[in-house]
Amino acid sequence: MLLCRGVITLPDIAVLQPNLQRDRIMRRFQFALVLFFALVALVSPSASTFAAPARKPNKIVLSAQMQRIVDLVNVRRREAGLRPLSVHPVLMTCAQRYSDVQAAQATISHTGPDGSTPGRRLAACGYRWKHFGENLAAGFVSADEVVNAWMNSPGHKRVILHAKVTEIGLGYAHRDNDPGQYYDYYVMAVGMRK
């Protein structure tokens, strides 16, 4: 069984007053970065793996296993005095695509084989995030095992209990004859939209 360190965005706590010049520069940089990756997505067939879905489904239907993960995550959040997360279709699509990538690679990493990061993948899927987090796992058979492993890991627990996120998306992929012998790959993406 394998867990990959949870990734989460946190505000810069050391800076108590806003730095307007830095904020303007960062917004310009983020815009340029998004524009660059949008152009790459148009030109590169491999970048289309994380392109925004053509249309949003009206109703999200989860497998029993994915629903169990959502339920367990929300139980843990309620126990911590936090609001439950709602399932978001774009996060679901993005997480599923990345779990398929992880299974194809027979390993897990927050850095995609194309060099993508969790935040870039979410943006490429069309999710405009203000806060996000990503948990990965491989080799666990049940939803309960996955959530328990995440909750027993400080970094993963921090992602699940991030107070500012409001939405969740999950992906699951199974790989027969897995050379890594993990067989089951999970991706959890949480976020708060801008």
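The values are calculated or read from the model by the stated rules, or taken from the named source; none is laboratory data. This one's a predicted model, so the numbers in the text were calculated from it and none came from an experiment. Note that we place each Cβ from the backbone using ideal geometry, even for glycine, and neighbour counts take in every protein chain shown. Just the protein is used for accessible areas: all its heavy atoms, side chains included, with ligands, DNA and RNA removed. Shrake-Rupley method; radii C 1.70, N 1.55, O 1.52, S 1.80 Å.
Couple of notes before you dig in:
- Surface share of carbon and sulfur [accessible, 1.4 angstrom probe, percent] for the stretch 64-146: 52 percent
- Assigned charges on the beta-carbon of Lys, Arg, Asp, Glu; the stretch 86-194 dipole about Cα centre (debye): 760 debye
- Residues whose amide H lies under 5 Å from that of His131, counting only those 5 or more places away or on a different chain, are Met192; hydrogens are built 1.01 Å from N in the peptide plane.
- Each peptide in 174-187, 134-147 gets a packing score, the mean of other Cβ atoms within 10 Å over its residues, and the list from highest to lowest is 134-147, 174-187.
- Per residue, the stretch 59-164 exposes an accessible area of 44 Å² to a 1.4 Å probe, with every protein chain left in place.
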